[in-house]
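The values are calculated or read from the model by the stated rules, or taken from the named source; none is laboratory data. Predicted, not measured: the structure shown is a model, and the values here were computed from it. Glycine also receives a Cβ, built like all others from the backbone with ideal geometry; neighbour counts cover every protein chain displayed.
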Amino acid sequence: MGPNAATLLTMRQLLLILAVIFVWGVVPAFAVTEVSSCDAPSYSGDGILTGDLDCTATPLFLRITPTGSLDFQGFTLTNVVIVCGDQWSFSSARCNLYGPGTLVGGITTERKVNLRDLDIINGSVHARRAKAENVSFTFTGPTPNLCAFDMFQVQNQSRLKMRNVSIDGGKCGVAADGVAVRAFNVKITNSAGFGIDQHDEGFRSSLIVKDSIVSSNGSLGIRGTRVRVFRSTITNDGGDGVLGGEVGENSFFGAVRIEKCTITGNRVGVDSYGSSSFKRTRVRRSTISGNAVFGIQSHRAPTTITNSTVTGNGTSSECDVTQACADIAAFADVPKVSRNTTCDTSYEINSGIPGSTLGICSLD
């Protein structure tokens, strides 16, 4: 049975409407909320900042709920906290914050936030899931008690992805509690604490760092349960440059992979935990030198070092006085050092001062 006349008419009308939209560019209009004052109301959908807005006298908590966006349009928001959604928002609720623009303040959400082309000053992102691209964080004045990203875990669905992100100063760069972290072309410098701390006692999530710089942080450079670092520079951090596996009761499952990296000027270059039954530490085509105590320290994980230079470590005044030092340190499970790897000294952990060597380096 063919379509009746009413149906054909409806179809013709629909085709006519589509033709008009195509030819004349007629599209349905959606309301856009203008954010122009420090008493701006909550809104859903799209919003735009219409000019610089300084809420120093009257702090603004700008709520975008449950799913919406804010286009900064090149302007600056000062003394503003952006609240995306609420605790009752459905799991796919998200906030999209786009620049160019500047936020002097913070962002908080129980769900997801996407950031692009923004400068954030003296502010933190608190979220379950976040994606940031072309974003800078700067902390000025006395060190604020804030990390640029303060992530939390919910039902193993949490994630942080950063690309072209810089973080300078603050309490720490990234605190990720049970959150999978991907950091590509990221620079994290001058925090009072650690650069990236991706602790996961459930050992389900991993930390991947590529083409990045983590430098001059007061404590650890990078820490995680399962850590992979590629083509990156980790220098002059107050603690370990890279610490892998030593997180909570499940450090037994930790692993570390370092490739094409330069790791210098830290207390320990690479400090690895783990188990021969599960994960292995691998260092390839990297330079690890000038670290205060050890270049590489392997506690439980079997370690393989290939095509790398591990020399000139043990620069601390503590060395051979109160602290054993060497290029490579391990327990009885001796690291496998390839013929294309250079190291000068090694040390068997807990063998005293100066202690025993492992017999794997040129001066042993």
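Of note:
- Condition check for ALA180: modelled with pLDDT under 90 and of a type in the set (A, V, I, L, M): yes
- Residues of the range 260-290 that are among the small types (Gly, Ala, Ser), modelled with pLDDT under 95 and either at positive phi or within 25 Å of the chain's Cα centre (by Cα) (or both): SER272, GLY274.
- The residue list VAL321, VAL293, VAL334 contains one member that is in contact with a Ser or Thr (Cβ under 8 Å, 6 or more places away or on another chain), β-branched (Val, Ile, Thr) and either surrounded by fewer than 16 Cβ atoms within 10 Å (Cβ to Cβ) or at negative phi (or both), which is VAL293.
- Tally of residues being closer than 23 Å to PRO100 by Cβ and small (Gly, Ala, Ser) across the range 28-72: 8
- Residue within the range 344-357 that is among the aliphatic types (A, V, I, L, M) and either under 19 Å from LEU243 (Cα atoms) or assigned to a strand (DSSP E or B) (or both) present: yes
- Hey, ALA19 surrounded by fewer than 18 Cβ atoms within 10 Å (Cβ to Cβ) and either in contact with an Asp or Glu (Cβ under 7 Å, 6 or more places away or on another chain) or at pLDDT below 80 (or both) or not: yes
- Given (1) over 26 Å from ARG226 (Cβ atoms); (2) surrounded by 18 or more Cβ atoms within 10 Å (Cβ to Cβ); (3) touching a Gly at 6+ places or on another chain (Cβ under 6 Å), index of the condition GLY314 fails: (3)
- Residue match in the range 137-152 (condition: within 25 Å of GLY245 (Cα to Cα), surrounded by fewer than 18 Cβ atoms within 10 Å (Cβ to Cβ) and not small (Gly, Ala, Ser)): yes
- In this entry, GLY170 passes the filter for residues that are crowded, with 23+ Cβ neighbours inside 10 Å and assigned to a loop (DSSP other than H, G, I, E, B).
- ILE305, sole failed condition from (1) buried (at least 24 other Cβ atoms within 10 Å of the Cβ); (2) touching a Leu at 6+ places or on another chain (Cβ under 9 Å): (2)
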